[in-house]
Structures are given as structure tokens and as C-alpha cells.
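Please read the structure below before turning to the comments.
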Amino acid sequence: MAAPLLQTQDLSMHFGGVRAVLHVNFSLAEGELRCLIGPNGAGKSTFFKMLTGQLEPTHGRVLFRGQDISHAHAHDIARLGIGIKTQVPSVFDGLSVRENIWLAANRLHSRDEARRVVDEMLARVGLTEAAERLVGQLAHGQRQWVELGLVLATDPKLILLDEPAAGMTHEEVNKTAELVREINRTKALIVVEHDMQFIRMIAKQVTVFNQGSVLVEDTVENIMRNPQVRDIYLGKQAAA
Amino acid sequence: MNARALNLIGLGLVGVIGIAFLVLVPRFFELDVVLEFTVYMIMAILALSLALIWGYGGILCFGQSAFFGLGAYTYAIAMFNIGESTVPLLLAVIVPAAFAALLGYFMFYGRISDVYLGVITLTVTLILFNSINSTAGPEFHIGSARLGGFNGIPGIPPLNVPGNKRAPIDLEGMFYLATAALLATYFGLRLLLASRFGRIIVGIRENERRAELLGYDPRAYKLATFTIGGALAGFAGCLFANWGNFVSPTIFGLAQSAQIIIWVIVGGRGTLIGPIVGCIGIQWLTTALGANQPSGGSDWWAKIFANAPLIFGIILIAFVLLVPKGLVPTLGDIGQSLLASRGKEAKRLQPKRAEEG
């Protein structure tokens, strides 16, 4: 087996007395698409923040292509090739859609090349018509597409998607699943999602987080049959 | 009409008005008015320096006067020691820029958040005020330049034609120089903001975290912006020391620092022309209010109107509450909504005409 693209070793994050992520050993192969599931507060978003340099882990290491990035700056990690689409779209609200995508494409491309990449990306995420509008004035769903366009335009090797299908209509969910599969042809992905229908459409392998640790890792089919997994989700529902 | 065309028309308009101003003012006004306009132009460069840092870089700097004052003092001290103005002029830009770079390095690489940036920059300028203020004794001198403490440094030699110290620039020449410098600064900043660098700093202002996750190091971009702003403020300070042939510690004071912020708020953050308009408007008001000093009468209205800080306070509060975007952006919005409503009407009329035809 080839060396993993991403690996975490004993990765932990404590906030004061709260242990958000605890001893996580996680491994992702080149070109793999992995789903992360788990109830709210299971540590998925904290895990993503450590992978992208937004949080510095309390213990343990993150290795990207064998390089230790546990204490690297967020911008350096981005330059190495990890992109993230956050749960609440993090975009440049005061700028136009075109300017948003340009900011992503500019770092990699020359002037003319960047312009071409921006046009391509606008078409790919279906925002050519809205190119000159301010992102802050767009609907939530469209802002999600803007952010996805941003991330894709930086041409990362690994993309982290935090709840890409949240708040989307059934039709949009299908479109997103299709796009995720298409992206996976050239890039590795880790997708955090609650929507099991969506997960079934895209993933083979699923990792379940619970209370900061990895509970189980298996195929989609087995995960859906796993009584322990059902318990933590049902338990959450019963509590709600 | 698209945004690009409007942009070009705006640029052209500023150019035409600027050049007309440059050519016509000395012909039609007395020297005292020309002198007054000169200081407006110099202060407008100072306003632009904060417009860049705060309006585009998103860095709340309460101490822009620190760089302004350093520029003025550096020029004065270097001039007394050197006697020819080319090197002092350069130093008056380099020293404040280097100081801004050093201060900025600790602030941005130390991850100091927005509000504290304001506190630190304000404190720095007040420290400079107090330090320079207490250098009145003869023992405080740099080379042959006495610092003079609260008395300031009088009789600063004026700029000369580069390389020829026997050809000083006269008062009218200073007007031309200041106005041309303002225009050059304005157009230079427009170019800078249209460049890759400019677009990235605006992106960082909009969403620093996102910019970081795209691979930009916000600290480096902010530091560069802050340094450019410091250099511009220093340059304005050099011209200011020339204008009055005098500099004193009040240049670092709270009143001076607050004024720059008021210019930018009144004129409009996130534009370049706004702070110029705000600066000139407020300065003109200061002069007008100063001219109406009550002559000891009991007319208390006159006394209130002569109290410039009170009037500025009212203006500031009124703008923050009622016109939070500032003058120029608000006028722009009004213009745009007028255009848009006319556009809609035109669209509504078109089908009718088609049917009629």
C-alpha cells in the first residue's frame, strides 16, 4: 500500500478542561473519498481546524504527504494543498463573485491564466450569470457554491468539506453529490455530513466520531447496520 | 453604464478638477488663500495615508499622526544638519516607514487584534508627544538641530530644487508641489489598489481567515500596507514642516490624531476621494470657525460656533449615527439608486413601445 496522503497520530485538542478531540489516529489514502459522521460536538469541526492550521493541536501530529504540519501556519498548509469549505460559508461578502474566485486563482496563475481559470470556475459552479453581483447579496445556497468555487480554484490535493449539503434542497443535494464525485476523480476529499442519503451517494468508507474519538471505521453499508452508531444518533434524537 | 466605465469617468474627473485647481488657484486668489489651500493639500495626503491603512487595509490606526510628526521632525533635524533638502526629504519618508515597519511587525506578527491596534497606535503617538515635549533644554540636540521641546523647532529651511540649495522653493512653488504631490498620491494609490497587491489586501480586510485558508499570509500584507501608509504620512509631515517652517510636539497630539480619523469617517471609509473631501471640508470649516472668534461679547451662539472641537464632536457623532458610510459612498449610493430607478422605468416602457411600433 502506498504511503497515506494524510495521517494523524494521537491527535488531541483540549480547550481548558474540555477534551474536544482525543487520541485520533486517522489515515487517508491518495485520491480517497472519506465521510466523517458523528453527533454535534463529536469533534469533527475541531479536527478539521487542526488539519488546516486554524488550531494548534495540544498533542499528537498531523502528517501531510509525510510532512509534519501540526504547527504550520494556515496559509502554509493551504499552499501545500489542503483546501477547506467551512460549515457556514466563509467568503468575501463585500466583493463580487468574480473577485472572490479571482482571489483564489491569483495565487497560482499569471494574470491572463487567472482570468481564464476564473471564467471556467464560474461556469463549473453555475455562477456565470451572477459573476458581477456582491456575494453578500446572494442566497445561502449560492454562497455555498461560491465557497466551493474558491476552494477548487486553489487546486488543492485534499479538500475538506464541512456539511456541504446542509440547508440544500433535494435537487441541490443531488447536484452537490454529483460534483463531489467528479472532484474525487482528481482529488482526495474528507466530507463531514449528517445526511445519510447524501453519504450513500458519495462514499465507500465512513469514519464515525463520538466524544472526540474515532468510534468505528467501516463501509457505508456496515456503518448503517452498526447498532452502536444507531445508538449514538438515536440517543441524540431522544435527547433533543 | 457598467462599473468600469463609471470608474474611468471618475478618474478622469478627478484628474481634470485637480489640474484645473493646480493651474487656476494661484492666478485667481491672493497669496494668503493659496497658502491656506497648500496646507489643505498636505493634510489631504495625510488623510489618504489613513484611507489606505484603515479604509482598504482594515487596520484601525489611531496614531497616524505619529508617522506624520516623525516625517516633520526628521526633515527639520536633517535639514539643519545637511542644508540641502534632497536627503532630508528622503529621510522624512524612510524613517517613518521604517518605524511603521517595526511597530507593524510586532503588532501583526504578535497577532494583536483590531481594537488593541487602535490602543497601541494611539499610545505610541502620545508617547512621542510626551518625549519630544520634554526636550526643551539645550542638551537635547541632534547634530546642530535643537529639538526645542514644547517650543518646537522654528525656522526650518524650505525645500530646494534638488541638488541646488541656493534655489529654495517659494510659497507659490509649495502650492504647486503640494497639489501635484496630492494628485500623484491619489493616482498612485488607485494604481496600487487595482494591482494584485491591492486586491489581496481588500480581500484580507473582507475576510482575513478565508484569505489565509487560500494561502495568503495576512501578516505580511498588513505589514506592507501599514509601512506604505507610514511612508505617505511621513512625506505629508515633511511638506507640513516646509509649509510653516515650523514643527512642534502638538503634531503628535491627541487632537491631531483624532482629526485624521474624523476626515476619513466623514468622507467615507473604503474610498480615496472621500477622505480628501472630508479633510478639505473639515479644514475649511476650522478656518471659517476660527475667523469668527467672538470679541468678548455676550453672544453665546457665537462662542459655541467658535468652539471648533465641540463642532467637530457634533459632526463626528452625526456622521457615525446618520451617515455611517461617509459622505462620498452615501452620495454614490443615492446616485446609483437614481440610475437604477431610471433604468427600471426605461425597461418598463420598452415593451409598450414595441407594442405600439
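Just so you know, all these numbers are worked out from the coordinates, no wet-lab data involved. Please read all numbers here as calculations on a predicted model, not as lab measurements. Reconstructed Cβ throughout: ideal geometry from the backbone, glycine too, with neighbour counts over all protein chains shown.
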- [ ] Return the inverse of the average 1/r over all pairs of distinct C-alpha atoms in segment A:92-199, which is the Kirkwood hydrodynamic radius, in Å to one decimal.
- [x] 14.2
Task: Nonlocal amide H pairs with A:Val191, under 5 Å, H built at 1.01 Å - done: A:Arg34, A:Cys35, A:Leu36, A:Leu161
Task: 5 angstrom amide H check on B:Val247, placed H, neighbours 5+ away - done: B:Ile153
- [ ] Filter the chymotrypsin sites (Phe, Trp or Tyr not before Pro) in segment B:1-103 down to the DSSP loop ones having no more than 14 other Cβ atoms within 10 Å, then list what survives.
- [x] B:Phe29
Task: Range in chain B, longest, excluding exposed GluC sites (Glu not before Pro) [loop by DSSP; at most 11 other beta-carbon atoms within 10 Å] - done: B:140-357
Task: Anchor A:Lys44: aspartates and glutamates whose Cα lies under 12 Å away (excluding residues fewer than 8 positions away in-chain) - done: A:Asp162, A:Glu163, A:Glu193
TODO: Over every pair of different alpha-carbon atoms in segment A:34-145, take the mean of 1/r and invert it; report that Kirkwood radius in Å.
DONE: 16.0
Open item on the list: Show me, for segment B:259-274, the HN-Hα J-couplings you get by feeding each phi into the Karplus relation (A = 6.51, B = -1.76, C = 1.60, θ = phi - 60°), rounded to Hz, glycine and proline as x.
Closed with: 4, 4, 5, 4, 3, 6, 5, 5, x, x, 6, x, 10, 9, 6, x
Open item on the list: Based only on Cα atoms, what mean projected area does the convex hull of segment A:191-232 have, in nm²?
Closed with: 2.8
- [ ] Please give the calculated 222 nm ellipticity per residue for chain B, where each DSSP H segment of at least 4 residues contributes -39500 (n - 2.57) and the sum is spread over every residue; nearest 500 deg cm²/dmol?
- [x] -25000 deg cm²/dmol
Task: Cα-based convex hull, segment A:45-97, per residue volume (Å³, whole number) - done: 94
Open item on the list: Kirkwood hydrodynamic radius, chain B, all distinct C-alpha pairs: what's the number in Å?
Closed with: 22.0
TODO: Compute the long axis of helix A:97-106 from its Cα atoms, compare it with the longest principal axis of the Cα atoms of chain A, and write down the angle in degrees, 0 to 90, nearest 10.
DONE: 80
TODO: Taking the Cα centre of segment A:155-232 as origin, work out the dipole magnitude from +1 charges on Lys and Arg Cβ and -1 charges on Asp and Glu Cβ, in debye rounded to 20.
DONE: 260
Task: Rg followed by Dmax, in Å, when segment B:1-89 is reduced to its Cα trace - done: 17.6, 56
TODO: Rank these for me by crowding, A:Trp102, B:Trp284, going from fewest to most other beta carbons within 10 Å.
DONE: B:Trp284, A:Trp102
TODO: Would you mind checking the radius of gyration and Dmax of segment B:144-219 based on alpha-carbon positions, in Å?
DONE: 20.9, 56
- [ ] Do me a favour and compute the ellipsoid semi-axes for segment A:1-49 from its Cα gyration tensor, root of five times each eigenvalue, largest one first, whole Å.
- [x] 23, 13, 7
- [ ] Quick one, can you get me the convex hull of the C-alpha atoms of the protein assembly as shown expressed as volume per residue in Å³?
- [x] 252
Task: Unit Cα scatterers, Debye sum, chain A: log10 I(q)/I(0) for q = 0.09, 0.10 Å⁻¹ - done: -0.39, -0.48
Task: Surface/4 of the Cα convex hull for segment B:179-331, nm² - done: 11.7
